[in-house]
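The values are calculated or read from the model by the stated rules, or taken from the named source; none is laboratory data. Worth saying up front: this structure is predicted, and the values here are computed from it rather than measured. Ideal geometry is used to build each Cβ from the backbone, glycine not excepted, and the neighbour counts take in all protein chains shown. Keep in mind that these areas ignore ligands, DNA and RNA; they rest on the heavy atoms of the full protein, side chains included. Shrake-Rupley method; radii C 1.70, N 1.55, O 1.52, S 1.80 Å.
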Amino acid sequence: MTEKPKIAIYGLGACAGCDQTVVDLNEILLQLAETVDIVLWPLAMDFKLSRIQAMQDGEVALSILSGAVINSDHHEMAALLRRKSRIVLAMGTCACFGGVPGLANFCGREEMFNQVYRDAPTVTNPDGVRPQPETDVGGRKLTLPEFSGHVFTLDQVIDTDYYLPGCPPPPALIGNAITAVLAGDLPPKGSSLAPRKALCDTCPRNSRKPGRMDIRYFRRIHEVDADPDECFLAAGIVCLGPATRSGCGEACIRINVPCRGCFGPVPGGVGSAPKFLSTLTSLLTVERDDEIEEAIDSLPDPAGYLYRFCQPSSILGRKSLREEEAEA
Amino acid sequence: MEPYDPKIVCFSCNFGWGYLSGEEALGAVISNWIPVICTGKIDTRHILKAFKAGADGVLILGCPEGHCHFQDGNYQTRKKAYLIRKVLGAFGIEPERLDMELAIDPEGKKIPQLLARMKRRLAELGPVKITGDVR
Ligand code: SF4
Ligand code: SF4
């Protein structure tokens, strides 16, 4: 009997939402368990790191890695699984573009630690305790992974073969991706295993998107009683559909919430943030300087809106360890 | 130590700035100068990439209102520049590092003057430091 292909599923700096979506494959997962050998999946089963370390390089057919790369443990696990795997799939927006954890790059280590361990209203920490990589407890040394000071995408740290965006990606796309890898039916390396169109092109509200927009100020979804069929942007409600890849099944749009951009940029090499920034300003029809300022100021925290899921992969936010290694 | 000499990337519209002097002559005296046909062509990416590549400032020279040969390229870029400035602030890049001037200067004489003025301002700010750009 030939050996079943080995699969590893692992979350780095992740919320476990992506792993949970693998669980949502339901019956497909049971069929999968017949045809593959899941060698690592901490969310669902016990594992021993030494077992993975003892494997031959390239022994694992596919590693599905979710989450951004945030601490020393993530760096080590990403490198280990890269070595052991023939194909690495970055699953979910954090692994692909940095995701919400990537917003930490807007402030840096010190400011972030102050917020999380001191200033947040829900924090009670009178002794100012902060995580330390090493602590001495009764003569024993306890260790914690160290925060790297910068949130990285997976491909900034290891060579990554394929991408599957989404926060989280829908189960159907995950199922398709695994099936395609097992069948060897794959697009060129570096491809995203999601549809290529922009969300606007598949959005049911597109028929209510006017030929020319006339936006004078921006509104946020909680400030209005949005028409469930009208294009959000046409109503001045910020919707990232024009700059975002489709594939989510218009999940937010269908519950009357505008797109926030979790599927990342459409193909073509233009990041979603600069693309959407240009889109937004060109749709504004106010003329005078003071009106322009007032209109743009009506969008609070524009950087947060534009970079919500992609700070670490953005032009100004990106920092590639792999490029640095190559240059060194 | 060498005195700090801020680097500025300057985009200017061919139809309003320096068209009488010729690109070669002006290009010899202005470094990092990118003449374009209409400031409306300057994409958000070009500006962000200039900062990522090490520019201390970006100066955009466009035509005044009513003078755009493409109706409103200058107006589109004016709106864009205002939002980009706010976004730069989030990355720790002072918004005033992106400046835009709307005028007509066929000989381009004012370009070196405007660059010198911006350089003086940038010298006070010092080099760009992008937030979170640490290991
Ligand atoms: S802007 Fe948003 S609501 Fe409008 S068509 Fe695009 S995705 Fe749909
Ligand atoms: S509508 Fe936008 S934010 Fe919502 S799931 Fe789809 S891509 Fe993500």
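Sites listed here are trypsin sites (Lys or Arg not before Pro) in region A:37-98 whose DSSP assignment is loop and whose Cβ has at most 15 other Cβ atoms within 10 Å: A:48.
How far apart, in nm, are two points set 7 Å out from the Cα along the Cα-to-Cβ line at residue A:53 and at residue A:230? Output for this residue pair reads 6.1 nm. The order of A:119, A:161, A:155, A:46 by accessible area, most exposed first and with a 1.4 Å probe, is A:46, A:119, A:155, A:161.
Close Lys pairs in region A:1-194 (alpha-carbon distance under 28 Å; sequence gap of 8 or more, or different chains): 9. Of all beta bridges that DSSP places with both ends in region A:1-74, some 10 percent have antiparallel geometry. Projecting label points 7 angstrom from Cα along Cα→Cβ for residue A:25 and residue A:172 puts them 1.7 nm apart. For a test of the definition: using alpha carbon positions, the gyration tensor, and the 1.5 limit on a/c, classify region A:1-194 as rounded, prolate or oblate. Prolate is the answer for region A:1-194, as a/c is 1.5 or above and a/b outweighs b/c. Full extension of the segment from residue A:321 to residue A:208, taken as 0.36 nm per residue of separation minus the current Cα-Cα distance, would add 36.2 nm.
The candidates B:131, A:143, A:2, arranged from most to least accessible area with a 1.4 Å probe in the full protein assembly, appear as A:2, A:143, B:131. With a Cα-only, solvent-free Debye model of region A:1-86, what are the log10 I(q)/I(0) values at q = 0.10, 0.15 Å⁻¹? The computed values of log10 I(q)/I(0) come out as -0.24, -0.55. Sort chain B into rounded, prolate or oblate with this rule: let a ≥ b ≥ c be the square roots of the eigenvalues of the Cα gyration tensor; rounded if a/c is under 1.5, and if a/c is not under 1.5, prolate when a/b is larger than b/c, oblate otherwise. The shape class here is oblate. Counting only heavy atoms of the protein chains and using a 1.4 Å probe, residue A:72 has close to 40 Å² of accessible surface.
Region B:61-75 and region A:210-289 have Cα centres spaced 26 Å apart.
A straight Cα-to-Cα reach below 19 Å connects residue B:129 with the lysines A:319, B:7, B:49, B:52, B:86, B:119, residues fewer than 8 places away in its own chain not being considered.
Fully extending the segment from residue A:270 to residue A:256 would add 2.3 nm, taking 0.36 nm per residue of separation and subtracting the current Cα-Cα distance. Any idea what angle helix B:110-125 forms with the longest principal axis of chain B, computed on alpha-carbon atoms, 0 to 90 degrees, nearest 10? The angle comes out at about 10 degrees.
Expressed per residue, the C-alpha convex hull volume of chain A stands at 187 Å³.
Is the C-alpha gyration tensor of region A:74-131 telling us rounded, prolate or oblate? Criteria: a/c under 1.5 is rounded; beyond that, a/b larger than b/c is prolate, otherwise oblate. Prolate shape, in that a/c is at least 1.5 and a/b is the bigger ratio.
Ignoring aspartates and glutamates fewer than eight residues from residue B:110 along the same chain, the ones with Cα atoms less than 19 angstrom from its Cα are B:23, B:24, B:65, B:99, B:101. Take every DSSP beta bridge whose two residues both sit in chain A; close to 30 percent of them are antiparallel.
Across the options A:283, A:251, A:226, the greatest Cα extent toward the positive end of the charge dipole of region A:199-323 (unit charges at beta carbon of Lys, Arg, Asp, Glu) belongs to A:251. Our compactness index for region A:223-312, the C-alpha radius of gyration over the empirical 2.2 N^0.38 Å, is 1.11.
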